[in-house]
Structure formats: C-alpha cells, structure tokens
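A.B. asks: My questions all concern the structure below.
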Amino acid sequence: MGAAVLSGLVLALALALPSVALENGLARTPPMGWMSWERFRCNVDCQADPRNCISEQLFFEMADRLAEDGWRELGYEYINLDDCWAAKQRDAAGQLVPDPKRFPSGIKALADYVHARGLKLGIYGDLGIFTCGGYPGTMLENVKQDAQTFAAWGVDMLKLDGCYSSAEEQAKGYPEMARALNATGRPIVYSCSWPAYQGGLPPKVNYTILAEICNLWRNYDDIQDSWDSVLSIVDWFFTNQDVLQPAAGPGHWNDPDMLIIGNFGLSYEQSRSQMALWTVMAAPLLMSTDLRTISPAAKEILQNRLMIQINQDPLGIQGRRIVKEKSHIEAFVRPLAQAASALVFFSRRTDMPFRYTTSLAKLHFPEDAVYEVQDVYVGKIIGALKTADNFSVVINPSGVVMWYLRPMALPVQPWHVVRQQAPGEGYRPALL
C-alpha cells in the first residue's frame, strides 16, 4: 500500500472516530460548583420575587458567595446558569441572546464578573427546537453558531439538554456540538443529557462513544428536593453499576445530578448520605442551594475537606456497592490513589441507630493488610485495622458512616491492580 493511500486511510479513520470530537483535556476530576436549577428552577418573575428570580443579580450574588465564603478554595469553581436565561427569540442575526430585562449587562459581562473572582461560568442549551422551559433551543443548523457565541461570551462549561429532539437528532447533534466547541479554541467543559433521554443503558446508550464525546453526562431523572428522589437515583446507579462504573474516569463522568444539601427536603443524616454517596460515585459536586442563607450544618457537610479530597481523587475510579444486607445496611467502596480506599456504610432503616459488625476481609479487602482508619465526618483517626479484624459501626437511620482507609502495610499484590483489571468481578452486591 502506497504511503499516500495509507495516510489517506489513517486520516479517514481518524475523522470517523468520535474521539476526535473531544479529548479536550478538561474535567480530569469531577467538576465542582453551583447550579441554579434545583433550587431556583425557572422563576422568571423578577417583579414579585426579585431576590430569587433567574437574573444576573442572582448569579452575581452566588459568585460573591463562592468567592468569599471559602467555597472557591475547596474547588467549587463553576457557577452555572440553567434553563430560562435566554430571551424568547433569537436576534436578527440568529444568535441566542439573554433576556434583556433579567440580564441587562449580558452574558459576557457576567462571565467577566465571574472570572474576576477566580471562578468559571457555565451555561445551558438544549439540542432541540425549544429548551425544556420553552426558550429557544439549538437546532442542528445552530450548533456551530451557538458554540461560537458561548466561546465569545467567555463561557467555560456547557450543559446541553435534550428536550424536543428525536433520537436521530441527538445522535447527530451531541457529537457535532463536541466538535463545534473544540473548534472554537476555548476550553469548554461539555455536559451532555443525551443518555438520560435514551434510558441511560445499552443498547441505546453506548458509553464507550459517550466518553469520547462528553466530559460528563446525565444518565437518569432530574433530582427533586426529596429523600425519595435521592434514593431513586442511588438505586438506579448502583443497580446498573456494572454498566456505569467502567464508563467513568478522568475527563468523562457519570452525573447523578445536583446536590440538594441545604434545601428543604433532606434531614441532616440524609444530607450527609447524599454527600458521601455522590463522592463514592465520583460524581460532579454541583450544589443547588441558596448560598446566601445556607445553614452552618449544611455548609459543614459541603465543605468537608477530606470528603472533597476523596471526590477529587486523581485516579477517578467510580466506586461500587459491594454488600446489600437483609438488615437494610449497604456497603460501598471506592479505590483511591496510593492504594487508599473510601468505605461507606449506609442505612436504609427507619427505626433506630443500627450496630453493624463486619470485617475488611468480608468486604473483599486483601488478606494480611493493615489500614489506618479515619472517620470522614468526625475527622479523627480511629486507629489501625487489620483485614481480618472484626469491627462495628453504628449507623443512624437514612445515615452513613464513612471511612478513609490508608494502607500501613500491604500484601504483595495491591487489590487496586486487580480491581482495575476486572472492575466487575467479585464485587457484585452480596445479599447476606
């Protein structure tokens, strides 16, 4: 085969591969920040509710809070517009424009304000004739123009929803937007809602292709301000962990949706549980709460340094449920860098605190290892634990106990090597 023919074939193959669409080097750890939707929805009545409506003022104020209240230094860097920011029509040139009454300064000015505070701006679009809230969508013919508009405004992340589009349009449009964003030359993290509109599972969803197109993706239903909603998301993600867990990693994450800690629907224990389970899932930490009025207790959960360190672990391995007991206790493990692990014990009980006894051996940890155990919420180091040692934890109803395990002595073959080679083997939930 001649060199010219060979190079032409290589080029044709390269153009056909979806990986060309993305590897943008972004989101090497799960994105962290704040998003408007769950808490503030599509409230556009700025006359009746000026403090809480979707307006530039809301985003200026949340940017101030991220910058001044200790969030930014912990990694919460994105401030993300969701639906209902746009005017109801495109302008004469066919460009998306913000609502002139609610965003009189424009999105570029908002981006400048956010960037001046050491933060990044996210925006929302929808691959369809309308957004979910009825605002102008991004049709296939608008993809390149909208990508260029977002880049010109200084946007750092795009969430592209999928209301009012067909499966065929999504199959064309989501990869096309990845290429269009890359072509702008501006680094823009790309969040896709594509799998959520196709049931979230194979054969309709190809996670290999998805990971080459998107930096993160919504797989499942929108979160609501309730414990039932959190549980339904946890159930779906861990029931389907054999499909979902291998898809996640640096640059491409499953997104179980926003953190609702600090709102109205979760108790203190349930708030701690959402934070721990999202961290074990290597999920993006996108808060949706009012940072101007957040309680000290909610803030303490969201600003837990060890929790964030675990969430942002550089290996980017998503955790798995490894035990599901008849007693309604579940155990989850996430492998971390330097042979460390995060271990979460979660109670679905509704009666009283439950004493759960097990050992690291029963949880598939390697024989003859010794770990230093630190309680992630209490902060204190509990002590050294051998794999064979029995131990007990007391877990409150709908609550968690979360441990960070650092190896003090390891066997010859570290378990993480085994886990990464075969993430699905030997780690299915054991019903005891």
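The values are calculated or read from the model by the stated rules, or taken from the named source; none is laboratory data. In this text the structure is predicted, and so the values were computed from the model without any measurement. FYI the Cβ positions are ideal-geometry reconstructions off the backbone, even for glycines, and counts take in every protein chain you see. Quick note on the areas: whole protein, heavy atoms, side chains included, nothing else; ligands and nucleic acids left out. Shrake-Rupley method; radii C 1.70, N 1.55, O 1.52, S 1.80 Å.
A.B. asks: Return the whole-Å distance between the Cα centroid of the range 344-388 and the Cα centroid of the range 45-94.
C.D. replies: Taking the Cα centre of the range 45-94 as reference, the centre of the range 344-388 is 41 Å away.
A.B. asks: Right, something else. Report the charge-dipole magnitude of the range 113-200 in Debye, nearest 20, computed about the Cα centre from +1 at each Lys and Arg Cβ and -1 at each Asp and Glu Cβ.
C.D. replies: On the way: 7 positive and 8 negative charges, 80 e Å.
In debye, rounded to 20, the range 113-200 gives about 380.
A.B. asks: Let me ask something else. Considering amide H positions built from the backbone, and no H for Pro or chain starts, which residues 5 or more places from K120, or on another chain, come under 5 Å of its amide H?
C.D. replies: Residues meeting the amide H criterion: Y78, I79.
A.B. asks: Mind listing the long-range amide H neighbours of L127? Cut-off is under 5 Å, sequence gap 5 or more, other chains count too, H placed in the peptide plane at 1.01 Å from N.
C.D. replies: T138, D161, G162, C163
A.B. asks: Per the Debye formula with a single identical scatterer at each Cα and no solvent contribution, what log10 I(q)/I(0) holds for the range 20-80 at q = 0.13, 0.23 Å⁻¹?
C.D. replies: So the normalised log intensities work out to -0.46, -0.94.
A.B. asks: Considering only DSSP beta bridges with both partners in the chain, what is the antiparallel share in %, to the nearest 5?
C.D. replies: Of those bridges, close to 60 percent are antiparallel.
A.B. asks: Probe 1.4 Å, all protein chains in place: accessible area of T357 in Å², nearest 10?
C.D. replies: T357 exposes around 80 Å² with every protein chain in place.
A.B. asks: Quick one: work out the % antiparallel among DSSP beta bridges in the range 29-163, nearest 5.
C.D. replies: Around 15 percent of the beta bridges assigned by DSSP in the range 29-163 are antiparallel ones.
A.B. asks: Hey, can you find the accessible area per residue of the chain for me, probe 1.4 Å, expressed in square angstrom?
C.D. replies: Numbers: 17540 Å² over 432 residues.
So the chain comes to 41 Å² accessible per residue, rounded to a whole number.
A.B. asks: Please give the contour-minus-distance gain from E367 to Q89: 0.36 nm per residue of separation, less the Cα-Cα distance, rounded to one decimal in nm.
C.D. replies: 93.7 nm
A.B. asks: Top to bottom by accessible area (1.4 Å), largest first, where do K324, K101 land?
C.D. replies: K101, K324
A.B. asks: Could you state, as a whole-number percent, how many of the C-alpha pairs of the range 320-407 are farther apart than 21 Å?
C.D. replies: Taking all Cα-Cα pairs of the range 320-407, the fraction more than 21 Å apart is 24 percent.
A.B. asks: Using helices alone, I'd like the mean residue ellipticity at 222 nm for the chain: each DSSP H run of four-plus residues gives -39500 (n - 2.57), total over residue count, nearest 500. Please list the in-between numbers first.
C.D. replies: Values: 15 runs with 135 residues, N = 432.
Mean residue ellipticity at 222 nm (helix-derived): -9000 deg cm²/dmol.
A.B. asks: OK, next. Report the extension gain between Q303 and D69 in nm, rounded to one decimal, defined as 0.36 nm multiplied by the number of residues separating them, less their alpha carbon distance.
C.D. replies: Contour length minus the Cα-Cα distance gives 83.2 nm.
A.B. asks: Once neighbouring chains are kept in place and the probe is 1.4 Å, which whole percent of the accessible area of the range 320-407 is contributed by carbon and sulfur?
C.D. replies: Solvent-exposed carbon and sulfur of the range 320-407 make up 49 percent of the total.
A.B. asks: So what is log10(I(q)/I(0)) for the range 145-198 at q = 0.17, 0.24, 0.30 1/Å, when the Debye sum runs over its Cα atoms only?
C.D. replies: Cα-only, vacuum Debye calculation for the range 145-198: -0.51, -0.91, -1.20.
A.B. asks: Dividing the Cα radius of gyration by the Kirkwood radius, what Rg/Rh value follows for the chain?
C.D. replies: Rg/Rh for the chain comes to 0.99.
A.B. asks: Starting from the 7 Å offset along Cα-to-Cβ, what nm value, one decimal, do you get for the label separation of K108 and K172?
C.D. replies: According to this spin-label approximation, the distance is 3.2 nm.
A.B. asks: Got a sec to turn the phi values of the range 381-386 into Karplus ³J(HN,Hα) couplings, 6.51 cos²θ - 1.76 cosθ + 1.60 with θ = phi - 60°, whole Hz, x for Gly and Pro?
C.D. replies: Karplus values, whole Hz, x for Gly and Pro: 7, 7, x, 8, 9, 7.
A.B. asks: Another question about this same structure. At a 1.4 Å probe, what is the % contribution of carbon and sulfur to the accessible area of the range 64-144? If you can, show how the numbers build up before the last one.
C.D. replies: Numbers: 1710 of 3280 Å².
Whole-percent figure for carbon plus sulfur exposure: 52.
A.B. asks: About the Cα centre of the chain, what is the dipole size in debye to 20, counting +1 per Lys and Arg Cβ and -1 per Asp and Glu Cβ, all else neutral?
C.D. replies: Around 620 debye, computed over the chain.
A.B. asks: I've got another one for you. State the extension gain, in nm to one decimal, for the chain segment bounded by I381 and F130, taking 0.36 nm per residue of separation less the distance between their alpha-carbons.
C.D. replies: Answer, rounded to one decimal: 85.1 nm.
A.B. asks: Just read off the accessible area of V44 with the full protein assembly in place, 1.4 Å probe, to the nearest 10 Å².
C.D. replies: Taking all protein chains as shown, V44 has close to 60 Å².
A.B. asks: Determine the shape class of the range 62-215: with a ≥ b ≥ c the square roots of the Cα gyration tensor eigenvalues, call it rounded for a/c under 1.5, and otherwise prolate if a/b is greater than b/c, oblate otherwise.
C.D. replies: oblate
A.B. asks: At 1.4 Å probe size, put H364, H328 in order of accessible surface, largest to smallest.
C.D. replies: H328, H364
A.B. asks: Let me cross-check D290: its accessible surface, 1.4 Å probe, with only protein heavy atoms counted, in Å² to the nearest 10?
C.D. replies: Counting only protein heavy atoms, D290 exposes about 10 Å² to solvent.
A.B. asks: Still on this structure: Select from the range 202-300 those chymotrypsin sites (Phe, Trp or Tyr not before Pro) which occupy a DSSP coil region and have at most 10 other Cβ atoms within 10 Å, ordered by residue number.
C.D. replies: Taking the range 202-300 and a limit of 10 other Cβ atoms within 10 Å, the loop chymotrypsin sites (Phe, Trp or Tyr not before Pro) found are F264.
A.B. asks: Now for a separate question. What FRET efficiency do you get for T208 and Q47 if R0 is 45 Å and r is their Cβ-Cβ distance, rounded to the nearest 0.05?
C.D. replies: 0.35
A.B. asks: Can you compute the charge dipole magnitude of the range 320-407 about its Cα centre, using +1 on each Lys and Arg Cβ and -1 on each Asp and Glu Cβ, nothing else charged? Give it in debye, rounded to the nearest 20.
C.D. replies: Magnitude of the dipole: close to 300 debye.
A.B. asks: Another question, if that's okay. Specify the inter-centroid distance of the range 198-263 and the range 107-162, based on alpha-carbon positions, in whole Å.
C.D. replies: After rounding, the separation between the Cα centres reads 22 Å.
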